[in-house]
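Quick one: the structure is below, questions incoming.
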Amino acid sequence: MTSNEIKALTGQYVMNTYGRFPVALDHGCGATVYDPEGNEYIDFTSGIGVTALGYGDEAWVEAITKQAGKLGHVSNLFYTEPAAKLAEILCKRTGESCVFFANGGGEANEGMIKLARKYSFDKYGKGRSTIITLKNSFHGRTITTLMATGQEVFHNYFFPFTEGFRYAAANDLAALEEAAGDDVCAVMMELVQGEGGVLPLDYGYVQAVKKLCQERDWLLLVDEVQSGVGRTGSLFAFQQYDLLPDVVSFAKGIAGGLPMSGIMANEKCRNVLSPGTHATTFGANPVCAAAGLVVQERLSDAFLEEVKEKGAYLRESIEALNLPCFGKTRGMGLMIGIEVKEGYDKGQIANKLIDAGLLVLTAGPGMRLLPPLVITKEEMDKGLAIMKKALG
Ligand SMILES: *Cc1c(COP(=O)(O)O)cnc(C)c1O
């Protein structure tokens, strides 16, 4: 099919819920993707932070193919090796104690919220179920995670929402204390706010939140759906904040492009969700888990160090271009935000770049880059050249 045919068919038969860019994609290699007509695009998006190993990675394709031929799905009523191994690796590399596997970020966060409320219910009974989240956060699109999201634009249309969330400004300990109360059971936050505009929290603030949580027996819930799995240059961002969250959620990059997510709990929280209290049919799918194992194998300490270096290189190079529309960059590793100067429109900039052959994202008030973690220097330089030509 041609791009135009794909677009027309989508318009006719797929529900119109996305503001899509006018590009159909057909295949890819590394951090480069192609439309059906063979036009090339450098990918600074990873399908919103998902394709950590880029496109067509040989080991990834082989592992998936092999596992699909052996066993594609069996449910969680039986044991399978790939999920057990993936859970072991994740725990051993982070210091967390156990994993629950699910399928998407919003769903993982639902599990995290359930765990926090049950922890408190088991210990203190009813009435202590409020979770404080941060303003400008993003936690998902379910009725509950929309409410967990600290942005009013998301609290619309779908009433009634789930009760029990209060919001505090990020990096403001006084605001958190003000939101506190006898009804609170947890604080939930992204360490680098992704959709909100790539805003890393201050180290000191995070340490103070950790202390407050310990003092009041609030669970510290960390949403690493976007920042996890090597994106920031460590396996999880919490490792750069000297933190061991009570519960942490992950998703996007975990299986390098297949739908998988989950939560990890520390020793204190390992038995809160007991048999019959939480489940999902597709969770821990062996093909997804086999893909996850390849991702974990690739993300060695040396590889993660390179992610940091690549991120620094991209940020320095973008700032050195001195483009009229761009201000400062920010972020961690290959999770990068670019300030868009007043008078320029982020959507127009994205469309211009995509039209010129560079896929980019927007977030909050600016641009966002989430390239595949395997992106090469040549691909980064190609992308930078496109940026210079299209926006100079
Ligand atoms: C993407 C994202 C989610 C939602 O994940 P889905 O897989 O789309 O449900 C939740 N939290 C954060 C931080 C995200 O970036």
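The values are calculated or read from the model by the stated rules, or taken from the named source; none is laboratory data. This one's a predicted model, so the numbers in the text were calculated from it and none came from an experiment. Methodologically, a virtual Cβ is constructed for each residue, glycine included, from the backbone with ideal geometry; neighbour enumeration extends over all protein chains shown. The accessibility values were calculated without ligands, DNA or RNA, using every heavy atom of the protein model including side chains. Shrake-Rupley method; radii C 1.70, N 1.55, O 1.52, S 1.80 Å.
Using only the alpha-carbon atoms, what does the chain span along each of its principal axes? Please give whole angstrom values in decreasing order.
Largest first, the chain extends 60, 54, 46 Å along its Cα principal axes.
Beyond 19 Å, what share of the Cα-Cα pairs of region 224-374 remains, rounded to the nearest whole percent?
61
If amide H atoms are built 1.01 Å from N in the plane of the peptide, which residues on other chains or at least 5 residues away come under 5 Å of the amide H of GLY256?
Excluding prolines and chain starts, which carry no amide H, the hits are ALA52.
Here is a follow-up. Roll a 1.4 Å probe over the protein heavy atoms and report the accessible area of GLU339 in Å², nearest 10.
Using a 1.4 Å probe on the heavy atoms, I get roughly 80 Å².
Let me ask something additional. Could you tell me the calculated FRET efficiency between THR281 and ARG141, based on Cβ-Cβ distance and R0 = 22 angstrom, to the nearest 0.05?
Working: r = 19 Å, r/R0 = 0.88.
Working from the Cβ atoms, E equals 0.70.
Could you run the Karplus curve 6.51 cos²θ - 1.76 cosθ + 1.60 with θ = phi - 60° over region 152-168 and give me ³J(HN,Hα) per residue in whole Hz, x for Gly and Pro?
Each residue of region 152-168 in turn: 4, 4, 8, 9, 9, 6, 9, 4, x, 7, 5, 7, x, 10, 10, 10, 10 Hz.
Let me ask you something else. Roughly how big is region 278-392's charge dipole about its Cα centre, with Cβ charges of +1 (Lys, Arg) and -1 (Asp, Glu), in debye to the nearest 20?
With Lys and Arg at +1 and Asp and Glu at -1, about 300 debye.
OK, next. Indicate, rounded to the nearest 5 percent, the antiparallel portion of the DSSP beta bridges found entirely in the chain.
On the way: 29 of 49 bridges.
That works out to approximately 60 percent antiparallel.
On to the next question. Considering amide H positions built from the backbone, and no H for Pro or chain starts, which residues 5 or more places from ALA168, or on another chain, come under 5 Å of its amide H?
Placed amide hydrogens put THR133, LEU134, LYS135 under 5 Å from ALA168.
While we're looking at this one, here's another question. Just name one of ASN39, GLY11, GLY164: the one whose Cα is farthest towards the positive end of the charge dipole of the chain (beta-carbon charges, Lys/Arg +1, Asp/Glu -1).
Checking the options against the dipole of the chain, the answer is GLY164.
Within region 96-233, what percent of beta bridges assigned by DSSP are antiparallel, to the nearest 5?
Bridges in region 96-233 that DSSP calls antiparallel: roughly 15 percent.
Can I ask one more? Considering the options GLN207, LEU221, LEU53, tell which one lies farthest towards the positive end of the dipole of the chain, charges being +1 on Lys and Arg and -1 on Asp and Glu at the Cβ, about the Cα centre.
Going by the Cα projections, it comes out as LEU221.
Assuming 0.36 nm per residue, please report the length gained on full extension of the stretch LEU71 to TYR313 beyond their Cα-Cα distance.
Roughly 82.9 nm would be gained on extension.
Quick one: what are the phi-derived ³J(HN,Hα) couplings along region 236-253, Karplus 6.51/-1.76/1.60 with θ = phi - 60°, whole Hz, x for glycine and proline?
Taking θ as phi minus 60°, the curve returns 10, 5, 4, 5, 8, 9, 6, 9, 10, x, 5, 9, 9, 9, 9, 6, 2, x Hz for region 236-253.
Once ligands and nucleic acids are excluded and a 1.4 Å probe is used, how much of LYS66 is accessible, expressed in Å² to the nearest 10?
That residue has around 140 Å² of solvent-accessible surface.
Can you work out the FRET efficiency for the pair THR2 and ALA385, with r the C-beta to C-beta distance and R0 = 25 Å, to the nearest 0.05?
Taking R0 as 25 Å, the efficiency between THR2 and ALA385 is 0.35.
Just to verify a number: FRET efficiency for ALA84 and GLU58, C-beta to C-beta distance, R0 = 25 Å, to 0.05?
FRET efficiency, ALA84 to GLU58: 0.50.
Run the paramagnetic zone check for ASP202: 7 angstrom along Cα to Cβ, then residues of region 149-171 with backbone nitrogen under 14 Å.
Within reach of a label on ASP202, which here means backbone N under 14 Å from a point 7 Å along Cα→Cβ, region 149-171 contributes 169-171.
Normalising by the residue count of the chain, find the relative contact order in percent from Cα pairs under 8 Å and 6+ residues apart.
23
A further question on this structure: What percent do you get for the relative contact order of region 297-392 when only Cα pairs under 8 Å and 6+ apart count?
Rounded, it is 26 percent for region 297-392.
Measuring from label point to label point, each 7 Å out along Cα→Cβ, what is the TYR157 to SER300 span in nm?
That separation, rounded to one decimal, is 4.7 nm.
With θ taken as phi - 60° and the coefficients 6.51, -1.76 and 1.60, list the Karplus ³J(HN,Hα) couplings across region 284-290 in order, rounded to whole Hz; mark glycine and proline as x.
Each residue's phi maps through the Karplus curve to give 6, 3, x, 5, 4, 5, 4 Hz.
Between PHE121 and GLU40, how many nm apart are label points set 7 Å from Cα along the C-beta direction?
5.6
Taking the chain as a Gaussian network, where each spring joins two C-alpha atoms under 10 Å apart, which residue of THR130, THR162, THR149 fluctuates the most?
Fluctuation is largest for THR162.
Collect residues whose amide H, placed 1.01 Å from N in the peptide plane, falls under 5 Å from the amide H of LEU219; neighbours closer than 5 in sequence don't count.
For LEU219, whose amide H was placed from the backbone, the distant partners under 5 Å are ALA186, VAL187.
Would you tally the net charge around CYS269, using a Cβ to Cβ cut-off of less than 14 Å, leaving CYS269 out, and scoring K and R as +1, D and E as -1?
On the way: positive: LYS114, ARG117, LYS118, LYS123, LYS268, ARG270; negative: GLU96, ASP122, ASP217, ASP246, GLU267.
Cβ neighbours under 14 Å give a net charge of +1.
Using only Cα atoms, find the angle between the long axis of helix 346-355 and the longest principal axis of the chain, and express it within 0 to 90 degrees, rounded to the nearest 10.
That helix lies at roughly 50 degrees to the long axis.
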